[in-house]
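Engineer: Can you keep this structure in mind? I'll have questions shortly.
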Amino acid sequence: MNTDTIFQLLQQSFRVGVGFTASVLETLQDAQKRNQTLSELQQEIREKIEEWARKGEITEQEAREFLDQWLKQQSSSKNPPGSASSTHTKANVDQEIQQLTEKIITLRQELEYLREKKKP
């Protein structure tokens with residue numbers, strides 16, 4: 001890595017830190033600005049919570065539809081239970097169900113974190 005690049009990165013990091021500190025101090029000293037900033041943050045948190053809730057609902061619906069289709073396909077399938085193609089399909093479905101479950105868990109954790117963070 002070039003020493004000029006490292007120096008520029010350090011200089012920019014220092015400036016970001018100073019700018020952030022100055023902004024925080026200005027916000028703390030000015031009651032109107034502090035209230036405005038807090039209101040904006042609360043609004044952003046509410047918007048994110050709503051967005052994640054919608055995303056979680058859509059993911060849940062997709063998982064249910066996928067599972068319903070898979071169950072319908074399995075019940076109408078002519079492959080004997082244990083054949084190579086049946087096992088391969090079941091492995092793929094199990095993997096997709098696991099991935100969707102992990103997404104739902106992550107979304108719920110993020111939502112809970114934001115709810116806890118929002119509490120006074």
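Engineer: Which pairs have Cβ atoms under 6 Å, sit 6 or more apart or on different chains, and link a residue in region 39-50 that is in contact (Cβ under 8 Å) with a residue 60 or more places away in the chain to one that is assigned to a helix (DSSP H, G or I) and surrounded by 12 or more Cβ atoms within 10 Å (Cβ to Cβ)?
Structural biologist: Pairs found: I45/L114; I45/K118; I49/L114.
Engineer: Please verify whether region 61-77 includes one or more residues that are at pLDDT below 90, loosely packed, with under 10 Cβ neighbours inside 10 Å and more than 29 Å from the chain's Cα centre (by Cα).
Structural biologist: Yes, region 61-77 contains at least one residue that is at pLDDT below 90, loosely packed, with under 10 Cβ neighbours inside 10 Å and more than 29 Å from the chain's Cα centre (by Cα).
Engineer: With the requirement that a residue be touching a residue at least 24 places away in the same chain (Cβ under 8 Å) and either surrounded by 14 or more Cβ atoms within 10 Å (Cβ to Cβ) or in a loop (DSSP other than H, G, I, E, B) (or both), what does region 105-120 give you?
Structural biologist: Selection gives L107, E110, L111, L114.
Engineer: Also, I was wondering about something else. Spot the failing condition for V93; the list is (1) in contact with a helix residue (DSSP H, G or I) (Cβ under 7 Å, 6 or more places away or on another chain); (2) at pLDDT 90 or above, and only one is missed.
Structural biologist: V93 satisfies every listed condition except (2).
Engineer: Quick check on this structure: which one of E40, E57 is under 26 Å from L100 (Cβ atoms) and modelled with pLDDT of 90 or more?
Structural biologist: Every option except E57 fails the conditions.
The values are calculated or read from the model by the stated rules, or taken from the named source; none is laboratory data. Just so we're clear, the structure is a prediction, and the values are computed from it rather than from any experiment. FYI the Cβ positions are ideal-geometry reconstructions off the backbone, even for glycines, and counts take in every protein chain you see.
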